[in-house]
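The values are calculated or read from the model by the stated rules, or taken from the named source; none is laboratory data. Note that the structure is predicted; figures quoted are calculated from it, not measured. Note: ideal-geometry Cβ built from the backbone for every residue, glycine included; neighbour counts use all protein chains shown. Side chains are part of the model used for accessible areas, which takes the heavy atoms of the whole protein and leaves out ligands, DNA and RNA. Shrake-Rupley method; radii C 1.70, N 1.55, O 1.52, S 1.80 Å.
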Amino acid sequence: MLIIMNDIPFGFIIRGMHHWAAHIMIAAVFLHMCRVYFTGAYKKPRELNWLLGVVLLLLTLAFGYSGYLLPANNLSEGAANIGINMSRASPVIGDQLARLLFGDINTLSGVYILRFYWLHVFILPLVVIGLMVLHMGLVWLQGVAEPH
Ligand code: HEM
């Protein structure tokens, strides 16, 4: 992060744009969902596209959270600790889930950064792009709904 902020030409601008674009994307997805809901565009035959949208909303939040952990600053460590406690609170598989996502769950080691880096930079983009193609393909097939 220090190299991006101090050594890479315009690195701090690119980082700032990414930071604010991420916030705007989460707000935009939420507003899109409200638009779809209040115009009744989730009704038959678009129920599947609504469900796909809900998955896209959760993945957009996962993008936000995983990106939030990567700077490894105090905020990231706070968020990682919350993430560990939330995943450990999951019934039956709590500890395993926390260990899978964050590595060592008793002390916050750097393992969680590498795992969330993979998630943020490789896994989530592939999954989300695939679901977006499906989501917009369905819109293309069904057409945009007339307000109900
Ligand atoms: C990354 C997130 C998302 C992207 C990129 C995305 C993209 C789009 C686009 C481009 C359309 C077609 C035009 C439009 O109606 O705006 C659309 C339609 C739709 N979206 Fe999404 N969407 C996302 C998330 C969601 C969410 C969170 C929901 C609901 C929970 C949702 C439900 C729908 C439905 C039901 C339609 C069909 C609406 C109609 O035919 O008028 N989408 N989406």
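Hey, can you tell me all the residues within segment 107-145 that are open to solvent by less than 40 Å² (accessible area, probe 1.4 Å), within 7 Å of the ligand (Cβ to nearest atom) and in a helix (DSSP H, G or I)?
Listed by number, the residues that qualify are V128, H135.
Go over the candidates V55, V92 one by one and state the one that is modelled with pLDDT under 90 and either loosely packed, with under 14 Cβ neighbours inside 10 Å or closer than 30 Å to W140 by Cα (or both).
Answer to the check: V92.
Filter segment 24-71 for residues that are more than 11 Å from the chain's Cα centre (by Cα) and of a type in the set (S, T, N, Q) and give the result.
Listed by number, the residues that qualify are T39, N49.
What's the number of the only condition in (1) away from the ligand (no atom under 16 Å from the Cβ); (2) touching a Leu at 6+ places or on another chain (Cβ under 6 Å) that N85 fails to meet?
Single failed check for N85: (2).
Could you list all residues from segment 95-106 that are open to solvent by 30 Å² or more (accessible area, probe 1.4 Å) and outside any loop (DSSP other than H, G, I, E, B)?
Once the filter is applied, which keeps residues that are open to solvent by 30 Å² or more (accessible area, probe 1.4 Å) and outside any loop (DSSP other than H, G, I, E, B), segment 95-106 yields D95, Q96, L97, R99, L100, L101.
Provide a single number: the residues in segment 1-29 that are β-branched (V, I, T), away from the ligand (no atom under 16 Å from the Cβ) and within 30 Å of G53 (Cβ to Cβ).
Number of matching residues: 1.
Consider L70 against the criteria (1) in contact (Cβ under 8 Å) with a residue 40 or more places away in the chain; (2) open to solvent by 50 Å² or more (accessible area, probe 1.4 Å); (3) away from the ligand (no atom under 16 Å from the Cβ): it satisfies all of them except one. Which criterion is unmet?
In the conditions (1) in contact (Cβ under 8 Å) with a residue 40 or more places away in the chain; (2) open to solvent by 50 Å² or more (accessible area, probe 1.4 Å); (3) away from the ligand (no atom under 16 Å from the Cβ), L70 misses (2) alone.
Regarding segment 33-46, can at least one residue be identified that is touching a residue at least 60 places away in the same chain (Cβ under 8 Å), within 16 Å of V139 (Cα to Cα), assigned to a loop (DSSP other than H, G, I, E, B) and open to solvent by 70 Å² or more (accessible area, probe 1.4 Å)?
yes
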